[in-house]
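No lab work stands behind these numbers, since they all come straight from the coordinates. None of the values given here were measured: they were computed from a predicted structure. Please note: Cβ atoms are built from the backbone with ideal geometry, for glycine as well, and neighbour counts cover all protein chains shown.
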Amino acid sequence: MERHITLISTGGTIASRWQGTGYAADASGGDVLAGAAVPDGVVVDVVDLFNVNSSRLTSAQQLELLRAVGAALADPRVDGVVVTHGTDTLEESAFLLDLHHDDPRPVVFTGAQRPLGAVDGDGPGNVYDALQVAATVRDLGVLVVFDGLVHAARGTVKTQTVASHPFTDPSGDGALGRLGFGRVDLRARPERSAPLPLPAVRGPLPRVDVVMHHCDADPLFVETAVAAGARGLVLVATGAGNATPLMVDAIAAAVRAGVLVAVTTRVPAGPVSPIYTGGGAVDLVAAGAVLTGTLRAGQARIAVLAALLADVPHEERAELLRRLVLGTASGAAAPARVGVPA
Ligand code: ASP
């Protein structure tokens, strides 16, 4: 039976070529697909949405991608979607889509660490694997397929700048599954929060800023974000979510001004937790900030953005944010072997 996959191309290294001084995305989705093998029985339609390296992506473009995936899945003949994307901000786009994804058909993000046409390129293999996963799995939400592994969108971050295995969840217990010998082997199911309705965006998007704490950190940057019109703020704290009494005062003032504040950590793995006072997470929570569990800064910012875009009264946003950052604990599934020989 044929499986129909829509491949949405957004740029990234997988679509990048030498520009004389450095690499930049300039190839179409058709060019990206042309270099890859396609699994047997899979028919691919290409949509060229953007052609940018992902450090340049805007939240407005991420919402456009969300709508483009919705448009692709409006066609009942489509069995799944693959998004080719730069790895720099892939974790943000994938999480935004996962928070809103309400369809059994999968959305699979992939990309490359080496450019289009490189002799040792990883793009073709990643595209093949992503197409195979998109044609095979159901009810897993939005996934990241890279270097032979299948990751959940939630919690997965780029942890290697140039190595061929850039993605992992440093707080998790490994990938959801792996590919090999023409099969997709899954050992767990992702944790997902109840999907949000598609946001009805009117006017400019809310500004959401990120401020990092460090020795000598100045609360001025929190105050400046609020003065610049931030409606959301992510504090990247130290340790399990700690800062200083002065930083707590600035966060309390931001919350009083109506800003939705989330607290994550600059530590690579583990949850933020209310353990310390004297400027710690205990005081940040008392000031009205929401701890983001194991989500790191990029995905914490996406959760804040999604909570701000949701159609709920302002006083319910912090509660919604708490729900979005934690996900629902669906637990690990029994090992599943869902692949078909290619
Ligand atoms: N800078 C590139 C991007 O995010 C990196 C990549 O695609 O791997 O677009």
List Phe50, Phe221, Phe95 from most exposed to least, where exposure is judged by having the fewest other Cβ atoms within 10 Å. Phe221, Phe50, Phe95
Hey, what do the phi angles of region 91-98 turn into as Karplus ³J(HN,Hα) couplings, whole Hz, using 6.51/-1.76/1.60 and θ = phi - 60°, x for Gly and Pro? 4, 6, 4, 4, 5, 4, 5, 5
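Can you give me the convex hull volume of the Cα atoms of region 219-307, divided per residue and expressed in Å³?
Working: hull volume 6.8 nm³, N = 89.
About 76 Å³ per residue, rounded to a whole number.
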Roughly how many whole Å is it from the C-alpha centroid of region 192-244 to that of region 51-95? 23
Mean ellipticity per residue at 222 nm, deg cm²/dmol - from DSSP H runs of n ≥ 4 across the chain, formula -39500 (n - 2.57): -8000 deg cm²/dmol
25 °C / 0.890 mPa s Stokes-Einstein diffusion coefficient of region 1-77, Kirkwood radius on C-alpha pairs, µm²/s: 180
Across all Cα atoms of the chain, Rg and the largest Cα-Cα distance (Dmax), in Å, are 20.1, 63
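If each residue's Cβ is checked for other Cβ atoms within 10 Å, how do Met247, Met1, Met212 rank with the fewest at the top? Each step should come with its number before you reach the end.
On the way: Met247 23, Met1 4, Met212 15.
Final ranking by Cβ density, sparse to dense: Met1, Met212, Met247.
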Choose one answer from Thr244, Thr21, Thr224: the residue with the largest mean-square fluctuation in a GNM of the chain with alpha-carbon springs under 10 Å. Thr21
Rounded, prolate or oblate: pick one for region 72-139, where a ≥ b ≥ c are the square roots of the eigenvalues of its C-alpha gyration tensor, a/c under 1.5 means rounded, and failing that, prolate if a/b is larger than b/c, else oblate. oblate
Which of Phe109, Phe167, Phe181 moves most in a GNM of the chain, Cα contacts under 10 Å? Phe181
With each pseudo-label sitting 7 Å past Cα toward Cβ, what's the Glu223-Thr58 distance in nm, one decimal? 3.0
Highest GNM mean-square fluctuation among Gly270, Gly155, Gly203, for the chain with Cα springs under 10 Å, belongs to Gly203
Using DSSP, restrict attention to beta bridges with both residues in region 159-274 and report what percent are antiparallel, rounded to the nearest 5. 30
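By per-residue mean of other Cβ atoms within 10 Å, what is the highest-first order of 98-104, 148-154? Walk me through the numbers before you get to the answer.
Values: 98-104: 20.1, 148-154: 23.4.
Listed from highest to lowest mean packing, they are 148-154, 98-104.
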Hey, got a sec? Which trypsin sites (Lys or Arg not before Pro) in region 39-123 land in a DSSP loop and have at most 15 other Cβ atoms within 10 Å? Arg77
If amide H atoms are built 1.01 Å from N in the plane of the peptide, which residues on other chains or at least 5 residues away come under 5 Å of the amide H of Val52? Gly11, Gly12
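Trypsin sites (Lys or Arg not before Pro), restricted to region 194-256: which are DSSP loop and have at most 10 other Cβ atoms within 10 Å?
Details: sites: Arg202, Arg207, Arg231, Arg256; in loops: Arg202, Arg207, Arg231.
Passing sites in region 194-256 are Arg202.
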